[in-house]
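Each remark here refers to the structure printed beneath this line.
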Amino acid sequence: MEFIGGKFLQVVIALAVFAAIIGLIMLLVDRAPKSAKDKITVAGFLAPAAILLLVGLVYPAAQTSFLAFTDASGKLNGVDNFVWMFTQPEALVTLRNTIIWTVLVPLLSTVFGLAYAVFIDKAKGERILKALVFMPMAISFVGAGIIWKLVYDYRGPEIEQTGVLNALRVAFGMEPKQFLLDAPENTIFLIIVMVWIQTGFAMVILSAAIKGVPAELVEASRLDGANPWQQFRNVTIPGIRGSLVVVLTTITIATLKVFDIVRTMTAGNYETSVVANEMYTQAFRAGEPGRGAALALILFLLVLPIVVYNARVLRQQKEIR
Amino acid sequence: MKNRKYLLPVAVTGILALSLSACSSEESATDPAATADCSKFESYGKHDGKTVSVYSTITDTEATNLEKTWAAFEKCTGATVKYEGSKEFETQIGVRAKAGNAPDIAIFPQPGLMADQARAGNLKPAPQAVSDAVDKNWSADWKKYGTVDGVFYTAPMLANVKGYVWYAPKTFEDKGWEVPKTWDEMLELSKKIADDGSMKPWCAGFESGEATGWPGTDWVEDVVLRSQGPEVYDQWVNHEIPFNDPRIVEALDKTGEILLDDKMVNGGFGDVRSILTTGFQQAGQPVLDGQCAMHHQANFQAANWPEGTVVAEDGDVWAFMTPPVDASKGLAITGGGEMVGAYKDTPEAQAFQAYLASAEFANERVKLGGVVSANKGLDPANAQTELDKLSIELLQDEETTFRFDGSDLMPGAVGSNSFWKGVVAWINGTPSKEVADSIESSWPKS
């Protein structure tokens, strides 16, 4: 009871703080001298956001960049952390896996999502068919990781299987397999989980985009004698190019940052670690914040061009409109 | 702006509410109804109106039991103990010490962190009274773990015991198996069970989320201590010999005679590698189901058995200590425990530190159940379970060599990262030497 009371009190306090700050700003802006009123108004209302951005984004980013050049005891050590990252076998495996993830997940999710969207377009029960594929999006990565860990579960051949896949294998007379232990294919089994989640996202966006392709264009191309593949290749694809870029880049960014799935399913063991997981492990478990920060920096540099590209494509589209 | 006259009051109220909220605090111990005999507390002096702040990792029921125990100290000395338990202790204690906001007393879960704090000059050396109490109540092994660079800082409090081998007494009786007295006997028994064919001799599970592999480090530590002796164990833990020293590799191979043999493991789950995908909480279950004969785990395994399981020599499940390799050298056990250090040298803080090292504290706390202590003044009759009693007797035995869990003493980069990962790779098929080399290369240089 006291617990709920305490939480309630916290909510009230948070609201009061918010009201207090806004009230103060409005009061001060209102009292400002007439001559510079516009500037002060702008500055006053931008300040909270700017301060929060500084404290919450710019400062940590600068701090992390600095940390990346220090060792475990906080002394500057030049580029040692980066040397470690690109020479140690365990770190190299991490980079390799991240590349495999970022190539396969966006590609497979988009291809499956697009194919599904095209095939169920205007089909009977389209909404239900869509919902089925979209549903995994509603599950958190950790939840999905736990579900798939159970799917891949292993018991010895002489014992009753608890994992669905191994139960199937045994039913077909095969030996059960340790899906998560055998490198390098175990990375693929983890990637399947991510694709399972992201396909729904790709499908929903692309399906909407396909419906936005003008029917006259498709009609005209058909009258010109284009077969279904040519219609799809030369009319539909150019028509949904913008959405394709958004889907691909969004999934790529999500994939670069993937952490939960790897951590819940293998904890980065058996050569399945990725950059984000290794970053956490080094910084918070191994007591090597410098290495963690260096990995974070690399991750940031990898994500940056994709974000820039995404923003540029969006702006170009706006200009066309 | 018509309503601007309301703005000032709103702002003021908000600020007031904010400042008031900073005053709310956590609830403290509820049960001061200790009917203690205050004559035992005379030596701690009177500290009326003084407060001792205590910070540790211990929370929930365990924390309540601690507070109940020292209520008598509060009543008799007049001091108030302000306790705060947090799962973030390990990261927070360093931050708080740096910020000048350290507690009076900190209860460290492992010696490594304590040693860091002592070397940083944050901890106060223990006063003579604490040192005397530890000399009287604890073995020299324990005092050593509270000593950093020749200065004694922290007194031990409670303990846990690792290296138990759990088995079902009824199965052993039915099959005519004897509890082994030496490592070789244990290996012989394992082979006998494997040949018997009704069950596999061992079951194990190292899966523990991101900490996967730690139960395996306990195995290796037990074998290093028993096969190579306490001196080599200390050198290994302190990195005076490299992790890939031939003696350590030999101990790994010795462990592998059980863990890496498909005939020996993994009862109820599958082959050797199924150890990696079996959760450590579930790994002992096949002992009860008659699918495996033995399971190696610390005393806290008692809490992992299903409800209603009788843990006793004549019950459903019982444990024997992993036997020594050379029986003539006596029993050597690994385990863990808390260390009580002081950030302030006020009389009340020192009195409290001495009290936590005393036999009175150990007896009263153990009576409440769930824990044991290596305090020699502790009466085993106060133990609440058969297993606690066995643990206390093992800890108090003059012949017992006690060593702290090695992975807790190694630097975090090894003890809670590469050692775990190394064990995982080892079970997954990487040769012992290669695993030891890789762990050695991860040892922080400085």
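No lab work stands behind these numbers, since they all come straight from the coordinates. None of these values were measured; they are calculated from a predicted model. Neighbour counts run over all protein chains shown; Cβ positions are idealised from the backbone, glycine included.
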In Å, descending, principal axis extents of the Cα set of region A:34-96: 65, 28, 14
The protein assembly as shown: translational diffusion in µm²/s, Stokes-Einstein, Kirkwood Rh over Cα pairs, 20 °C, 1.002 mPa s: 70 µm²/s
Backbone HN-Hα couplings from phi across region B:282-289 [Karplus 6.51/-1.76/1.60, Hz, Gly and Pro as x]: 8, 5, x, 3, x, 4, 6, 7
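Below 13 angstrom from the Cβ of A:LYS122, what's the summed charge of the other residues (Lys, Arg +1; Asp, Glu -1)? Numbers along the way, then the final one.
Values: positive: A:LYS124, A:ARG127, A:LYS130, A:LYS211; negative: A:ASP121, A:GLU126.
Its environment carries a net charge of +2.
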Inter-centroid distance (Cα atoms) of region B:319-357 relative to region A:235-249, Å: 66 Å
Length-normalised contact order of chain A in % [C-alpha pairs under 8 Å, at least 6 apart]: 24 percent
Overall Cα dimensions of region B:242-306 - principal axes, largest extent first, Å: 41, 26, 19
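Just to confirm a number: summing +1 for Lys and Arg and -1 for Asp and Glu over residues other than B:VAL249 whose beta-carbon lies under 12 angstrom from that of B:VAL249, what do you get?
Numbers: positive: B:ARG247, B:LYS254, B:LYS433; negative: B:ASP245, B:GLU250, B:ASP253, B:GLU434, B:ASP437, B:GLU440.
Here the charged neighbours net out to -3.
Antiparallel as a % of all DSSP beta bridges within region B:157-301, to the nearest 5?
Details: 4 of 8 bridges.
The answer is about 50 percent antiparallel.
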Gaussian network model of chain A, Cα within-10 Å springs - most flexible of A:GLY268, A:GLY156, A:GLY200: A:GLY156
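So which GluC sites (Glu not before Pro) in region B:201-290 end up in coil per DSSP with only 12 or fewer other C-beta atoms within 10 Å?
Numbers: sites: B:GLU207, B:GLU210, B:GLU221, B:GLU231, B:GLU240, B:GLU250, B:GLU257; in loops: B:GLU240.
Sites meeting the loop and neighbour criteria: B:GLU240.
Nearest 5 percent is fine: what portion of the DSSP beta bridges confined to the protein assembly as shown is antiparallel? Walk me through the numbers on the way to the answer.
Working: 22 of 40 bridges.
That works out to approximately 55 percent antiparallel.
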Net length gained if the chain between B:ASP253 and B:LYS367 were fully extended (0.36 nm per residue, minus Cα distance): 36.9 nm
Long-range HN-HN contacts of B:ALA155 with modeled amide H, under 5 Å: B:VAL340
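Using DSSP, restrict attention to beta bridges with both residues in chain B and report what percent are antiparallel, rounded to the nearest 5.
Antiparallel bridges make up about 55 percent of those DSSP assigns within chain B.
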Relative contact order computed over region A:223-286 (Cα-Cα under 8 Å; 6+ residues apart), in percent: 21 percent
For chain A, alpha-carbon Rg over 2.2 N^0.38 Å: 1.31
Whole-Å semi-axes of the ellipsoid equivalent to region A:176-321 (Cα gyration tensor, √5λ, descending): 40, 21, 10
Choice from A:LYS37, A:LYS122, A:LYS211 showing the highest fluctuation, given a GNM over chain A with Cα pairs closer than 10 Å: A:LYS37
Anchor A:LYS211: lysines whose Cα lies under 22 Å away (excluding residues fewer than 8 positions away in-chain): A:LYS122, A:LYS124, A:LYS130, A:LYS318
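Equivalent ellipsoid semi-axes for chain B, as square roots of 5 times the alpha carbon gyration tensor eigenvalues: give them largest first, rounded to whole Å. Can you show the working numbers first?
Values: eigenvalues 355, 138, 109 Å².
Output for chain B: semi-axes of 42, 26, 23 Å.
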Label-point separation, B:LYS82 to A:ALA115 (7 Å along Cα→Cβ), nm: 6.6 nm
Cross-link partners of B:LYS40 among lysines (Cα-Cα below 19 Å; sequence separation of 8 or more within a chain): B:LYS68, B:LYS75, B:LYS136, B:LYS367, B:LYS376
Hydrodynamic radius by Kirkwood, which averages 1/r over all alpha carbon pairs of region A:184-269, in angstrom: 15.2 Å
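Looking at the P(r) of region B:379-438, how many percent of alpha-carbon pairs lie beyond 16 Å? Don't skip to the end; give the middle numbers.
Details: 1097 of 1770 pairs.
The proportion of pairs with Cα distances above 16 Å equals 62 percent.
Would you mind ranking A:ILE251, A:ILE147 by Cβ crowding within 10 Å, fewest neighbours first? Each step should come with its number before you reach the end.
Details: A:ILE251 25, A:ILE147 15.
Listed from fewest to most nearby Cβ atoms, that is A:ILE147, A:ILE251.
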Axial C-alpha extent at least 20 Å, average Kyte-Doolittle at least 0.5 - helices from chain A (DSSP): A:2-31, A:37-53, A:89-120, A:185-212, A:241-256, A:289-320
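Out of every Cα pair in region B:212-336, what percent are spaced more than 16 Å from each other? Intermediate results must be reported in sequence, preceding the final value.
Working: 5156 of 7750 pairs.
Of all Cα-Cα distances in region B:212-336, 67 percent exceed 16 Å.
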Difference of contour (0.36 nm per residue) and Cα-Cα distance, A:VAL170 to A:ILE146: 6.4 nm
